[in-house]
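Okay, structure first, notes after.
Just so it is clear, none of the values below were taken in a lab; they were calculated from the coordinates. All of these numbers come straight from a predicted model, not from anything done at the bench. Don't worry about glycine lacking a Cβ; one is built from the backbone with ideal geometry, like all the others, and counts go over all protein chains shown.
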Ligand code: PLP
């Protein structure tokens with residue numbers, strides 16, 4: 001393990017805690033309150049991140065489920081540096097070699113029929129472009145989205161999400177209608193098998209479409225496997241069912257593969273597991289692993305042809321950024337040359353089996369789900385009531401904080417959100433490294449177990465939301 005490389009402007013190494021203190025003092029952190037205690041991270045290599053004190057951490061969540069190829073890959077660093085030396089920036093109205101190359105390479109790996117890419121700065125703006133395009137092409141307004149979904153953090157994409165993070169902004173954006181999720185763990189009736197659950201679920205969706213008025217619905221926008229809202233793996237046939245429903249009513253099918261794309265699930269894209277192609281697909285994260293931010297909204301031939309003579313209505317100054325596209329070109333080569341999609345499938349199967357073995361030992365684990373290296377444990381107070389051990393909405397639980405702290409102490413950075421404990425490592429991870437993470441999870445889950453009915457603990461308080469407070473108190 002190498003020493004920390006951070007230094008102050010005087011060249012002296014920072015005092016412990018100085019980076020975090022200044023980051024907190026002078027910058028704002030995402031989503032939650034500003035009562036944060038961020039880790040000081042100064043270096044990354046492979047599946048590991050390194051703290052300012054030199055400690056090594058296994059990045060079990062791939063940062064924000066985005067660092068697919070692993071940290072510090074020199075091939076990407078060189079590709080970006082070479083591009084920036086040659087041409088550091090270009091206008092989004094120009095043609096550049098990187099733009100032409102990545103457009104062509106994406107058409108080769110994405111589902112059949114998706115042939116044109118609109119490059120964005122990330123997943124949020126890719127989804128906004130998808131929604132605008134669907135409305136433009138169909139002349140309809142409504143967008144159907146899943147109750148449990150996240151499509152981005154801007155006004156439009158957040159309001160289109162089912163995620164509770166939308167609550168402060170949704171009234172500003174209209175014409176979003178939510179559909180139920182293919183969430184068999186919580187929505188299947190007692191004794192109902194996958195096929196019966198799927199048939200009932202699809203009939204419910206059809207009823208929503210009919211009662212909303214198919215002629216008013218532009219698109220159905222879904223994550224094929226919902227990500228930050230619980231890695232909900234649908235029953236086989238769900239995507240085909242959606243495709244058929246959309247085709248019956250002339251609705252565009254949009255897949256948000258921002259999190260599930262680029263090998264995360266053991267195939268290039270999650271929809272490849274069913275061989276179902278959407279009309280529009282959005283990607284980001286794994287397209288560059290965030291080495292340089294990039295997203296894309298990919299259009300089918302039909303949709304692309306339809307906008308040939310319509311004003312497209314989407315564009316940002318830094319779209320199609322050449323540095324990001326150079327990182328993407330290097331990524332698309334690395335996925336193939338290093339067999340990362342295959343590694344995600346095989347090591348992912350090992351991870352899922354290990355998580356299932358943990359579930360058998362720990363009463364706090366209600367469900368284990370996943371595909372490839374896209375996996376989650378859902379923690380419950382009781383296996384019969386399925387009450388969430390740590391509610392998705394409401395104050396954080398001290399026991400959840402202890403679980404998180406135990407993992408950090410063991411050198412594992414895992415993401416926890418409400419009842420979901422995620423395990424989504426970089427696609428380069430080995431089975432031995434997975435085994436190390438499973439050992440840390442095993443120990444941390446014994447803490448979660450103390451809050452379950454099996455340990456005689458009371459159910460957690462029902463989600464209690466803070467009342468709006470005046471923004472400034474004197
Ligand atoms: N869509 C999905 C499924 C996501 O998980 C995310 C981010 O986590 C987004 C969209 C937004 O992407 P970005 O944060 O790159 O704007």
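Taking the Kirkwood radius as Rh and the Cα radius of gyration as Rg, the stretch 214-351 has a ratio of Rg/Rh equal to 0.99.
With only alpha-carbon pairs counted, each pair once and no self-pairs, how large is the Kirkwood hydrodynamic radius of the stretch 315-474 in angstroms? Let's see the in-between values first.
Numbers: mean 1/r = 0.0559 Å⁻¹.
So the Kirkwood estimate lands at 17.9 Å.
Remark: spin-label model distance residue 200-residue 450 equals 3.9 nm, labels positioned 7 Å along the Cα→Cβ axis. Just need log10 I(q)/I(0) for the stretch 262-342 at q = 0.19, 0.22, 0.27 Å⁻¹, Debye formula, equal scatterers on the alpha-carbon atoms, no solvent, rounded to two decimals. Computed log10 I(q)/I(0) values: -0.98, -1.15, -1.27.
Alpha-carbon geometry of the stretch 37-134: the Rg and the Dmax are 17.4, 50 Å, given in that order.
Please quote Rg/Rh for the stretch 379-423 to two decimal places, taking the Kirkwood radius as Rh and restricting both calculations to Cα atoms. Please report the intermediate quantities before stating the final value.
Working: Rg = 11.0 Å, Rh = 11.0 Å.
Radius of gyration over Kirkwood radius for the stretch 379-423 works out to 0.99.
A straight line joining the Cα centroids of the stretch 377-402 and the stretch 294-361 runs 31 Å.
Computed packing ranks the peptides 415-424, 175-184 as 415-424, 175-184, most packed first, by mean other Cβ atoms within 10 Å.
What translational diffusion coefficient, to the nearest whole µm²/s, does the stretch 219-292 have by Stokes-Einstein, given a Kirkwood radius computed over alpha-carbon pairs, a temperature of 20 °C and 1.002 mPa s viscosity? Numbers along the way, then the final one.
On the way: Rh = 12.6 Å.
Rounded to a whole number, D works out at 171 µm²/s.
Considering every alpha-carbon pair of the stretch 151-256, the percent of pairs per 5 Å bin, from zero through the bin containing the longest distance, is 2, 12, 21, 22, 21, 15, 5, 1, 0.
Quote the FRET efficiency, to the nearest 0.05, computed for residue 216 versus residue 100 with a Förster distance R0 of 30 Å and r equal to the Cβ-Cβ distance. After rounding, the FRET efficiency stands at 0.20.
Counting every alpha-carbon pair across the stretch 177-230, the share separated by more than 17 Å comes to 46%.
Using the reciprocal of the averaged 1/r over all distinct C-alpha pairs, how large is the Kirkwood radius of the stretch 19-90 in Å?
Details: mean 1/r = 0.0687 Å⁻¹.
It is 14.6 Å.
Distance between the 7 Å Cα→Cβ label points at residue 244 and residue 342: 3.5 nm.
Spin-label model, residue 33 to residue 435: label points 7 Å out along the Cα-to-beta-carbon direction sit 4.3 nm apart. The mean sequence separation of alpha-carbon pairs under 8 Å and at least six residues apart, normalised by the residue count of the chain, gives a relative contact order of 19 percent.
Binning all Cα-Cα separations of the stretch 84-232 at 5 Å, short to long from zero, yields these whole-percent fractions: 2, 8, 14, 17, 17, 15, 12, 8, 4, 2, 1, 1, 0. Subtracting the Cα-Cα distance of residue 458 and residue 308 from 0.36 nm times their residue separation leaves 47.9 nm of extension gain.
Quick one: if the Förster radius is 35 Å, what FRET efficiency do residue 193 and residue 402 give, using the C-beta to C-beta distance and rounding to 0.05? If you can, show how the numbers build up before the last one.
Details: r = 38 Å, r/R0 = 1.08.
Approximately 0.40, to the nearest 0.05.
Of the peptides 68-76, 18-26, the order by per-residue mean of other Cβ atoms within 10 Å, starting with the highest, comes out as 68-76, 18-26.
For the chain, the equivalent ellipsoid derived from the Cα gyration tensor has semi-axes of 33, 31, 22 Å, listed largest first.
Pairwise alpha-carbon distances in the stretch 204-258 exceed 13 Å for 61% of all pairs. Among 77, 258, 403, 412, sorting on how many other beta-carbon atoms sit within 10 Å of each Cβ, with the fewest leading, yields 77, 412, 403, 258. Relative contact order of the stretch 317-474, taken over Cα pairs closer than 8 Å and 6 or more residues apart, is 25 percent. When Rg and Dmax are taken over the Cα atoms of the stretch 87-139, they come to 12.9, 39 Å. In vacuum, with every alpha carbon of the stretch 278-321 counted as one equal point scatterer, what does the Debye formula give for log10 I(q)/I(0) at q = 0.17, 0.30, 0.31 Å⁻¹? Two decimals, please. Values returned for q = 0.17, 0.30, 0.31 Å⁻¹ are -0.60, -1.09, -1.11. Between the alpha-carbon centers of the stretch 120-187 and the stretch 198-276, tell me the distance in whole angstrom. When both Cα centres are located, 13 Å separates them. For the stretch 309-386, the share of alpha carbon pairs falling in successive 10 Å distance bins from zero is 16, 25, 20, 19, 17, 3, 0 percent.
Translational diffusion coefficient of the stretch 353-427 at 10 °C, 1.306 mPa s, Stokes-Einstein with Kirkwood Rh over Cα pairs, in µm²/s as a whole number. Each step should come with its number before you reach the end.
Details: Rh = 12.9 Å.
The calculation lands on 124 µm²/s.
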